[in-house]
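Chemist: Here you go, one structure.
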Amino acid sequence: MQGLTIVTHPLVQHKLSLIRDKERSTNGFRRMVREIAMLLAYEVTRDLPMTTKRIETPLEAMDAPMIDGKKLVLAPILRAGIALAEGMLELIPAARVAHVGIYRDHDTLEAIEYFFKSPQDMADRQVIVTDPMLATGNSAIAAIERLKARGAKDIRFVCLLAAPEGVEALRKAHPDVPIWTAALDRQLNEKGYICPGLGDAGDRIYGTR
Ligand code: URA
């Protein structure tokens with residue numbers, strides 16, 4: 001599907017299978033979400049523009065490759081997106097962070113915003129929105145609308161698992177926002193959970209159930 005990248009790297013797929021297992025401990029789940037996030041960060045930043053800088057190695061001068069251009073902002077959708085963003089920050093420690101507090105109403109599955117804080121100069125930055133689960137797409141669509149209203153123009157979305165329904169909804173609402181995921185699962189169930197999925201990502205990361 002256009003605009004959708006499934007990261008099929010064996011390390012990602014293996015770790016994802018480990019965290020799908022309902023017997024995985026909170027500690028193991030959280031640690032591996034962060035590890036997968038690092039691997040996803042590697043993929044989603046693969047095409048960052050490069051420049052060169054003149055440096056001196058201990059032996060001689062060289063034009064060394066460096067990342068050029070826009071500064072990155074990670075935009076986790078609270079709360080589960082934080083674990084993904086933290087993993088990515090291990091690889092991109094200079095990134096800024098925009099927090100987007102959105103929860104989905106359990107009955108209507110609609111996205112409700114309760115917190116938003118981002119850097120001022122969003123138009124000049126590349127924004128990577130993180131949420132482990134792209135289910136109905138409602139939260140992702142609302143978060144991206146909010147970031148665009150704040151000026152963001154260059155936005156990517158990263159998740160662990162996506163449902164076909166969520167991918168379709170997000171691509172329709174924001175065709176300019178490409179998606180990276182570790183897997184595209186079968187479908188949503190009647191409660192809006194991804195199947196086979198991994199359950200409630202927030203509860204499993206923070207041990208709240
Ligand atoms: N959010 C979750 O945490 N899990 C799902 O399966 C769907 C949405």
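Chemist: Before rounding to the nearest 500, sum -39500 (n - 2.57) across all DSSP H runs of length at least 4 in the chain and divide by the residue total; then give [θ] at 222 nm in deg cm²/dmol.
Modeler: Here the helix-only value at 222 nm equals -10000 deg cm²/dmol.
Chemist: While we're here: For Lys71, list long-range residues whose amide hydrogen, built 1.01 Å from N in the peptide plane, is under 5 Å from its own amide hydrogen.
Modeler: Gln126
Chemist: What's the longest piece of the chain with no exposed GluC sites (Glu not before Pro), counting a site as exposed if DSSP puts it in a loop and it has at most 10 other beta carbons within 10 Å?
Modeler: For GluC sites (Glu not before Pro) (loop position, at most 10 other Cβ atoms within 10 Å), the longest site-free span of the chain is 61-189.
Chemist: Given Cβ point charges of +1 (Lys, Arg) and -1 (Asp, Glu) and nothing else, what value in debye, to the nearest 20, does the dipole of region 32-78 about its Cα centre take?
Modeler: Using only the charged Cβ atoms, the result is roughly 240 debye.
Chemist: Between region 1-70 and region 134-209, how many Å separate their Cα centres?
Modeler: Centre-to-centre (Cα) distance: 19 Å.
Chemist: Among Arg20, Arg150, Arg54, determine the one that fluctuates most according to a GNM of the chain built with springs between C-alpha atoms less than 10 Å apart.
Modeler: Looking only at Arg20, Arg150, Arg54, the biggest GNM fluctuation is shown by Arg54.
Chemist: Could I ask something else about it? Using Cβ contacts closer than 10 Å as the measure, can you line up Lys53, Lys15 from fewest to most?
Modeler: Listed from fewest to most nearby Cβ atoms, that is Lys53, Lys15.
Chemist: Please find, in a Gaussian network model of the chain (springs between Cα atoms separated by less than 10 Å), the residue of Arg46, Arg125, Arg186 whose mean-square fluctuation is greatest.
Modeler: Arg46
Chemist: Calculate one ³J(HN,Hα) per residue across region 67-78 by plugging θ = phi - 60° into the Karplus curve 6.51 cos²θ - 1.76 cosθ + 1.60, and present them in order as whole Hz with x for glycine and proline.
Modeler: With coefficients 6.51, -1.76 and 1.60, one gets 5, 10, x, 4, 7, 8, 10, 8, 10, x, 8, 5 Hz.
Chemist: Here's something else I'd like to know. From the backbone phi of region 81-98, what are the Karplus-calculated ³J(HN,Hα) couplings (6.51 cos²θ - 1.76 cosθ + 1.60, θ = phi - 60°) in whole Hz, Gly and Pro given as x?
Modeler: x, 4, 5, 5, 5, 5, x, 5, 5, 4, 8, 10, x, 8, 5, 7, 10, 10
Chemist: Convert each backbone phi in region 37-51 into a coupling constant with the Karplus relation 6.51 cos²θ - 1.76 cosθ + 1.60 (shift: θ = phi - 60°), then list the ³J(HN,Hα) values in order as whole Hz, x for Gly and Pro.
Modeler: My calculation for region 37-51 gives 4, 4, 5, 5, 4, 4, 6, 6, 9, 4, 9, 4, x, 10, 9 Hz in order.
Chemist: Now a separate question. Fewest to most neighbouring Cβ within 10 Å: what's the order for Thr51, Thr57?
Modeler: Lowest count first: Thr57, Thr51.
Chemist: Here's something else I'd like to know. Can you sort Ser139, Ser118 by how many other beta carbons sit within 10 Å, fewest first?
Modeler: Ser118, Ser139
Chemist: Given the options Val97, Leu48, Ser25, identify the residue whose Cα lies farthest towards the positive end of the charge dipole of the chain (+1 on Cβ of Lys, Arg; -1 on Cβ of Asp, Glu).
Modeler: Value computed over the given set: Ser25.
Chemist: With the cut-off at 21 Å, tell me which of the pairs Lys117/Lys153; Lys53/Lys148; Lys117/Lys148 have Cα atoms farther apart than that.
Modeler: Lys53/Lys148
Chemist: Looking at the chain as a GNM with Cα springs under 10 Å, which of Leu39, Leu160, Leu109 has the largest mean-square fluctuation?
Modeler: With Cα springs under 10 Å in the chain, the top fluctuation among Leu39, Leu160, Leu109 is at Leu109.
Values quoted throughout were computed directly from the atomic coordinates according to the rules given, and no laboratory measurement underlies them. Predicted model only: the values in this text are computed from it and were never measured. Glycine also receives a Cβ, built like all others from the backbone with ideal geometry; neighbour counts cover every protein chain displayed.
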